[in-house]
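What follows is a set of notes on a single structure, which appears directly below.
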Amino acid sequence: MNVIYLFCSSFMLGYAFCENETNRNSVFNFCNHPDCSMENQHTMCVAANKQSSRLYASGMTTWMRYQILLLHNRHRDNIAMGLEPGQPPATNMRKMYWDYELEHMAEVWARQCQKRHDECRNTIRFNVLQNMDVRAVVSRVTEAQLLADAVGAWFSGSRALPPEHVWSFRQSNCSAPGGCNAHWYSAAAWASTWRLGCSQSLCTAKKPSCALFRKRRTVTEETPEYSIANATRTFMPSQNILRRTRYMTQAKSVNFEDFATTDGISYRKSKESPLHRGILNDENKEKRRKESKILAYTFCNYGPAGNIDGFPIYEPGSTCSNCPQGSQCGDRTHRALCAVTGDPDCRE
């Protein structure tokens, strides 16, 4: 009888923590999450079974998870070693590990194709902060660059963070110069945050007005959700934008028939040649007008959450001199990060 009871208990425990969304919701009702200011406000309640009509594709591959986690730990390693310009080294910077629950919440929100943070995303384990990046998907740059640009943009917020705020974090005004970049940096660099889950969605941009009396818009005017300065280049829709596993682009061979000579000067027809500039410019404008605009929405969730007013982002001082209990430095790739004891990447 005891054997049967133990077997049933083990089975039910495994069932309760199954990755299936329905099972998770049956264990905990996110619609009544105590951390949310209103009922039905949690992302897993309000957006779990919804998606935007502009959604083109969403989700993370194993490679994407590895890459974005590596980028975060690389930046945190630089901070801990004192290599971040204007910022002191850290004594207690923890190594980050992937969290599939945080990824799932980021995935649910990314499907909404909205350039804003969700309102309530805490888990039953800890509070969660979120970083967001929205940029145009254009040609000739890989998925690897898309992720690197997003993470790099968040960590570049260190330039807008006064060094004294490392000792005592202060909420800054997002309308001030630099916007919320300092908040994004501190969320990703908070020393005690060690769980990370991200997702990315590709969405079509909102269609521009087709009113005939309006002046034809430029590229930046057609897509008000982003600026061309915040654009990352990758494959065009006609080249299969979802080449998630092809991360290298091949350089085109030079065709010398593409060159023309005018007054002894060689010009490339597609760009410099006065003979072709006008015709090709018209063709390029027509192509740009017909192209579907794709935006990449990248969301990362961090826990346990930082950005606590008056608390240090990390403890400045000698690298690795004050790792939290249960962690130690010794990661062969990220030498200045406090890895969990027993991490296989650490030396024995």
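The values are calculated or read from the model by the stated rules, or taken from the named source; none is laboratory data. None of the values given here were measured: they were computed from a predicted structure. As a convention, Cβ positions derive from the backbone with ideal geometry for all residues, glycine included, and neighbour counts pool all protein chains shown. To get the accessible areas, we keep the full protein, side chains included, count just its heavy atoms, and leave off ligands, DNA and RNA. Shrake-Rupley method; radii C 1.70, N 1.55, O 1.52, S 1.80 Å.
Computed quantities for the displayed model
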item: Selection count where residues are in contact with a helix residue (DSSP H, G or I) (Cβ under 9 Å, 6 or more places away or on another chain) and either without any contact (Cβ under 8 Å) to a residue 40 or more places away in the chain or surrounded by fewer than 21 Cβ atoms within 10 Å (Cβ to Cβ) (or both), scope the stretch 295-314; result: 3
item: Selected residue [open to solvent by less than 60 Å² (accessible area, probe 1.4 Å), in a helix (DSSP H, G or I) and modelled with pLDDT under 85] from 187, 176, 182, 229; result: 182
item: Qualifying residue in the stretch 95-115 (condition: more than 30 Å from residue 45 (Cβ to Cβ) and at pLDDT 85 or above); result: yes
item: Failed item in (1) at pLDDT 90 or above; (2) open to solvent by 40 Å² or more (accessible area, probe 1.4 Å); (3) within 30 Å of residue 54 (Cβ to Cβ), with residue 287 passing the rest; result: (1)
item: Helices (runs of 4 or more DSSP H) fully within the stretch 40-114 counting 2 or more residues that are surrounded by fewer than 17 Cβ atoms within 10 Å (Cβ to Cβ); result: 62-80
item: Filtered residues of the stretch 296-329 (kept if touching a strand residue (DSSP E or B) at 6+ places or on another chain (Cβ under 6 Å), under 25 Å from residue 64 (Cα atoms) and of a type in the set (Gly, Ala, Ser)); result: 296, 303, 305
item: Filter result for residue 168 (open to solvent by less than 40 Å² (accessible area, probe 1.4 Å) and free of Cβ contacts under 8 Å to residues at least 60 places away in the same chain); result: no
